[in-house]
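Enquirer: Dumping the structure here so I can ask a few things about it.
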Amino acid sequence: MVRNPSSQVSLALRDSGAEMVTGTFDDVDAMREAMKGVYGVFSVQPSSPGGTVTDDDEVRYGKTIASLAVEYGVQHLVYSSGSAVGDKPTGLAHFDTKAEIERYIRTLPIISTIVRPAMFYGTAGNAGFGLDESRFYLFYAA
């Protein structure tokens, strides 16, 4: 599912054989259409706080995708979580929202895989990571 089927990334995916449905996470009908007849779903949502995405939005998006995957008989759900997510709250909503989605997925009757990437490559170019100073900063609690 893509927001902009004309973007360079969307066109490259389409050219490599991916089938696309245009929609957003707020468009449940588009998500339903995207689930029809698929073997697997890779679920990655915008993280909170990001732009206009709230913590509640992120949790709602993740749970909706997982629920629809079950409803449409998807055989395998892969959820992209976060490296600091665990059994106990971190106090950082960015990770605790993902933990809530993970817990929900584990209750569902679907084969699932949860991955916890440390970060996405594209994030490294954001302000504060230091690449503009020929350095790279990555902060984790000690």
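The values are calculated or read from the model by the stated rules, or taken from the named source; none is laboratory data. The shown structure was predicted, so the numbers you read here are calculated from the model rather than taken from an experiment. Note that each Cβ is placed from the backbone with ideal geometry, even for glycine, and that neighbours are counted across all protein chains shown.
Enquirer: Restricting to the range 15-44, give me the number of residues that are of a type in the set (F, W, Y), part of a loop (DSSP other than H, G, I, E, B) and either modelled with pLDDT under 90 or surrounded by 12 or more Cβ atoms within 10 Å (Cβ to Cβ) (or both).
Expert: Going through the range 15-44 one residue at a time, the tally reaches 1.
Enquirer: Within the range 84-92, is there a residue that is of a type in the set (D, E, K, R) and within 16 Å of the chain's Cα centre (by Cα)?
Expert: Within the range 84-92, none of the residues are of a type in the set (D, E, K, R) and within 16 Å of the chain's Cα centre (by Cα).
Enquirer: Please determine whether any residue of the range 54-68 is out of contact with any helix residue (DSSP H, G or I) (no Cβ under 6 Å at 6 or more places or on another chain), without any contact (Cβ under 8 Å) to a residue 40 or more places away in the chain and assigned to a loop (DSSP other than H, G, I, E, B).
Expert: yes
Enquirer: Taking the range 69-83, which residues are surrounded by 14 or more Cβ atoms within 10 Å (Cβ to Cβ) and not in a helix (DSSP H, G or I)?
Expert: Y72, V74, H76, L77, V78, Y79, S80, S81, G82
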